[in-house]
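What follows is a single structure, written as structure tokens, with notes after it.
The values are calculated or read from the model by the stated rules, or taken from the named source; none is laboratory data. Because the structure is a prediction, the values reported are computed rather than measured. As a convention, Cβ positions derive from the backbone with ideal geometry for all residues, glycine included, and neighbour counts pool all protein chains shown. Heavy atoms of the whole protein, side chains included, go into the accessibility calculation; ligands, DNA and RNA do not. Shrake-Rupley method; radii C 1.70, N 1.55, O 1.52, S 1.80 Å.
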Amino acid sequence: MYASREDIGYDFGDDSKVGSKPIKPNPNIDGGWAWMIVFSSFLVHILIMGSQMALGILNMEWLEEFNQSRGLTAWVSSLSMGITLIVGPFIGLFISMCGCRMTAVIGGILNALGWILSAYASNVHYLFLTFGVTAGIGSGMVYLPAVVMVGQYFQKRRALAQGLSTTGTGFGAFLMTALLKYLCTEFGWRDAMFIQGAISLNLCVCGALMRPLSAKDLRDKSVVRSDSEDNQAKALSHSTETIKSNGVLGEEPEKKEEAANEEVLESVQHTEAGGNSRGGRSLHGLRILKTVSQLTLTVRKGFALWYSSYFGAASLFTNRVFVAFIIWALFAYSSFVIPFIHLPEIVKQYNLSSQDNVFPLTSIIAIVHIFGKVILGIISDLPCISTWNVFLMANFTLVTCILTLPLMQTYVGLAVVCALIGFSSGYFSLMPVVTEDLVGTKHLANAYGIIICANGISALFGPPFAGWIYDITQKYDFSFYIAGLLYMVGIIFLLIQPCIQKKQPRQKSTEEAQV
């Protein structure tokens, strides 16, 4: 294990200088409006992740309505869940250009449109486009900003804040399941989806609450962070110098663009002062030029940040620990989704349906999952506890449960394992915290977009793969064993890469000394 988060190795961070003067903390960091951001993110998780957890209700309606195979119909739900996460890197581009607030509002409209159009579906393939793709992209455009904004507004209580906001997934699973079941019974599935589309418009309200922090606030936050972590400050300084020397995220082009933009602004103001002597067309044209210039500058700066994060000298992929984190994410999420999909069939095979009807095993996972996120977040925020170590311990617990679940053939045994799965999977609330520790706040949107993209691939192909294994072996045992072993491979990558990362700077310094 590792003693502290500094041992992980940091390659990226916010481009800020650590000053010697004490800086007055912003009241909105770790308090004030920050808790409104948590509330907004909580509602986003209810409306998006909670709704996706409740798609089993609609899946039964679609099977009865369209009379298609279970495998084909299940792809509607898989597409929606997978695309929500897979589009993460591209949503990072939107955030870089438009900001979290605008991206979330547009995503809320798109998500609601997908639900409403799905109410008029004539076949399953129509649902692939309207619900799987349209609603899925809209969900991704709201989900990523909700996570990123919490990371920006919190420093000392990041893990707790992420834990509280992501508990909306568990609450949403209960609320949306009950709501969709009631709506389908009273109005039919088509009207239920139309009503759910109207409810999803509240995502626009959640996006409107995502008030962006000023550049000064972000610099102040990074200064406080650097003062408290000297080792990290050195790494951040080295990373900043590397980026500037390569000219990828250098400030000179931006300064030139800003100077040109100021010239346009001054010319417009000068024209407005003498507007009585000049034509209105010239004034109108300069105003348009000013708007276009500002928009162009914003787009170019956002694209430069997005491009450099993936392909430039400051590429996130040069961080070996982050690459290991991506490999881990490719296998981790399916291990959480597979029990939700296949537990009902396992209960039926073991003749435990009567007990499961009283208190479903999936409900046990959902309930304990809520407490797991909060408790793990509180533990991780303790000054003597490393978030990285808590994250690894939770992963070890979850993979052990996945491997032992097929061995349990009684309801009590399955309930205990499911409770442990729910609690240990609470590490999902720590994923944004670990990501921010690896790459810094400035690159959090792009980096976390890559992580949830890997999770989306895992969610998209994991359950169908488990079903394919069942078709071959007529048992779910091997599905859990294979998922657990692949999950263990990802954990091993997380364990070995930090050791390599710590040795790398020493090798470079030796080579530089020889030169």
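Computing FRET efficiency as 1/(1 + (r/R0)^6) for residue 393 and residue 208, where r is the C-beta to C-beta distance and R0 is 41 Å, gives about 0.60. The length gained by stretching the chain between residue 175 and residue 384 to full extension, at 0.36 nm per residue less their Cα-Cα distance, is 71.6 nm. Extending 7 Å from Cα along the Cβ direction at residue 70 and again at residue 297 yields two label points whose distance is 5.9 nm. The charge dipole of the stretch 28-214, taken about the Cα centre with unit charges on the Cβ atoms of Lys, Arg (+1) and Asp, Glu (-1), comes to about 600 debye, rounded to the nearest 20.
Ranked by the mean number of other Cβ atoms within 10 Å per residue, highest first, peptides 119-132, 322-335 order as 322-335, 119-132. Under the rule a/c < 1.5 gives rounded, and otherwise a/b versus b/c splits prolate from oblate, where does the stretch 308-503 land using the Cα gyration tensor? Since a/c reaches 1.5 and a/b is larger than b/c, the shape of the stretch 308-503 is classed as prolate. Surface exposure of the stretch 308-503, expressed per residue as accessible area with a 1.4 Å probe, stands at 37 Å².
Counting charges near residue 73 (Lys, Arg +1; Asp, Glu -1) among other residues having Cβ under 12 Å from its Cβ returns a value of -2.
Listed here are the pairs 156/290; 181/373; 373/475; 181/442; which of them are more than 30 Å apart at the Cα? 156/290; 373/475; 181/442, as the Cα separations exceed 30 Å there. Per-residue 3J(HN,Hα) values for the stretch 81-90, derived from phi via the Karplus relation 6.51 cos²θ - 1.76 cosθ + 1.60 with θ = phi - 60°, read 5, x, 5, 3, 9, 5, 6, x, x, 6 Hz in sequence order (x marks Gly and Pro). Between amide H atoms placed 1.01 Å from N, distances below 5 Å from residue 442 occur with 14, all of them 5 or more places distant or on a separate chain. Placing +1 on the Cβ of every Lys and Arg and -1 on the Cβ of every Asp and Glu, with no other charges, gives the stretch 308-503 a dipole of roughly 400 debye about its Cα centre.
Just the protein heavy atoms count here, and of the accessible area of the stretch 308-503 at 1.4 Å, carbon and sulfur take up 73 percent. Ranked by the mean number of other Cβ atoms within 10 Å of their residues, highest first, the peptides 101-114, 408-421 fall in the order 101-114, 408-421.
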